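The structure under discussion appears below in the form of structure tokens.
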Amino acid sequence: MSASRNYAIVTASYMSFTLTDGALRMLVLLHFYQLGYTPFTLAALFLLYETAGIFANLGGGWLALRFGIPRMLGAGMSLQITGLLMLSALNPAWSPALSVAWVVLAQGVAGVAKDLTKTASKSAIKASSQLGAGQLFRWVAFFTGSKNAMKGIGFFLGGALLQFVGFQGALWLMAAMLAIPLVGVTLSLPRTLGRATSSKSFSELFAKSRAINLIAAARIFMFGSRDVWFVVGLPVFLYAHGWHYIEVAGFLAAWTIGYGGVQAIAPLLIARSPDGLSREVPAAQMWGAGLTAIPVLIAILLAIAPTWPSDLVVVIGLAVFGFAFAVISSLHSYLILAYAGSEKVAEDVGFYYAANAAGRLLGIVLSGLLAQQGGLPACLWGAAVMLAACLALTFMLPRSRARGGVGQTASAPPPAQY
């Protein structure tokens, strides 16, 4: 019962955090696009956000082992409130250069907050799971799916707040919203959750198994393939085709909510194995191959069918992309916990999500550059190249715990229990 209670507290807290994180991204993107910033400058606003996340994930895993997961959750949520209040202090009278620098700094604080919170939350799931790989996959899938659904709601919330409340008022409101779950985490979770002996050196921190190195490298390209069109290319494309801000935010919200819903039901779509790997890895390869073809098909349709409504082609194509991406993302999120060692799971998860942040950083930079040079079609071709690299790495993943130095997790129950 205590394990389920801890899982429920962590999930609810992270959902609240994710709501503000999604709203913040949309607020910043639309507010500064409205002020006339170029696609590359818009991408630059998020660079420190993602760069800081790389180090926050690595350090967050180490700190979670040393001080416990609840303290890292509290630290992440406190930093998010700090970032929101920093952005609310932005002065319209400042020069463009000073405004950009201030926003980048505040986004850096938010980036540390997000990845400290994510690493602590995902580690708490592994630390709380007691019934083997079947429960772990279900918990990870629900957590990841509901997180992304809440992020989608946050996108819509950000657009709506910008339109009806204004930039500063929206930031104050979100900071107040996040203070409530922060108190809940501080008072409700056991202080020792997730504590263990942490690595004593940087070389030990980076000494991961072959399986974890491969899945982390694949994660870089997988999330780069999403953000290369999602962050700048798609919103600018839709706005240029006559969509209003709240419509752009609404579509991004609907896409992310649907994506999260598919992630939550991913265990129902994947044939499971008693060892937790022998069927799951081939499934990741199959879904990855299908996903790689989708941005190629969208880009080709935009080129050969200029009379078709291009925004409709993109919306339908990216809906299909979102379904496949959700399944493979859920699979990868499960595989890192399946491969992770039990004693240092927080460090393994932190290493993996540092790769996740690196992929988002790569995607953001390319999104600004490609959108400015070749529009959304260039972003889609960039996504296809990165997905091909992700697929190649997936074919190198070990399919059993006896290969690749795979960490031992709780023994898997028989197939009937999945």
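The values are calculated or read from the model by the stated rules, or taken from the named source; none is laboratory data. Since the model is a prediction, treat every value here as computed from it, not as a measurement. Here Cβ is always computed from backbone atoms with ideal geometry, including for glycine, and neighbour counts include all displayed protein chains.
Only helices (runs of 4 or more DSSP H) wholly contained in region 229-284 count here; list those with 2 or more residues that are at pLDDT 80 or above and over 20 Å from V327 (Cβ atoms).
Helices (runs of 4 or more DSSP H) meeting the threshold: 233-240, 245-264.
Being farther than 14 Å from T292 by Cα and among the small types (G, A, S) is the filter; apply it to region 377-401 and report the residue that is surrounded by the most Cβ atoms within 10 Å (Cβ to Cβ).
Looking at residues that are farther than 14 Å from T292 by Cα and among the small types (G, A, S), I get A378.
Is there any pair linking a residue in region 384-401 that is within 13 Å of A216 (Cα to Cα) to one that is not aliphatic (A, V, I, L, M), with Cβ under 6 Å and at least six apart or on different chains, and which?
A389/F221; C390/F221; L391/G288; L391/T292; T394/Q285; T394/G288
Can you tell me how many residues in region 69-112 are assigned to a helix (DSSP H, G or I), in contact (Cβ under 8 Å) with a residue 40 or more places away in the chain and aliphatic (A, V, I, L, M)?
16
Kindly check whether there is at least one residue in region 341-362 that is surrounded by 24 or more Cβ atoms within 10 Å (Cβ to Cβ), part of a helix (DSSP H, G or I) and among the hydroxyl-bearing types (S, T, Y).
yes
Yes or no: G224 within 21 Å of the chain's Cα centre (by Cα) and surrounded by fewer than 24 Cβ atoms within 10 Å (Cβ to Cβ)?
no
May I ask you to list the residues in region 83-120 that are polar (S, T, N, Q) and surrounded by fewer than 16 Cβ atoms within 10 Å (Cβ to Cβ)?
Answer for region 83-120, where residues must be polar (S, T, N, Q) and surrounded by fewer than 16 Cβ atoms within 10 Å (Cβ to Cβ): N91, S95.
If a residue must be free of Cβ contacts under 8 Å to residues at least 24 places away in the same chain and either assigned to a helix (DSSP H, G or I) or surrounded by 23 or more Cβ atoms within 10 Å (Cβ to Cβ) (or both), how many such residues does region 6-52 contain?
1
Does at least one position in region 205-212 carry a residue that is of a type outside the set (A, V, I, L, M), over 22 Å from the mean Cα position of the chain (by Cα), at negative phi and modelled with pLDDT under 75?
Checking region 205-212: not a single residue is of a type outside the set (A, V, I, L, M), over 22 Å from the mean Cα position of the chain (by Cα), at negative phi and modelled with pLDDT under 75.
Which one of these is surrounded by fewer than 16 Cβ atoms within 10 Å (Cβ to Cβ) and out of contact with any helix residue (DSSP H, G or I) (no Cβ under 8 Å at 6 or more places or on another chain): P282, P306?
P306
Rundown of residues vs (1) farther than 22 Å from G22 by Cα; (2) buried (at least 19 other Cβ atoms within 10 Å of the Cβ); (3) touching a strand residue (DSSP E or B) at 6+ places or on another chain (Cβ under 6 Å); (4) at pLDDT below 85, yes/no style:
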residue	(1), (2), (3), (4)
I54	no, yes, no, yes
F67	yes, no, no, yes
G76	no, yes, no, no
S129	yes, yes, no, yes
G134	yes, yes, no, yes
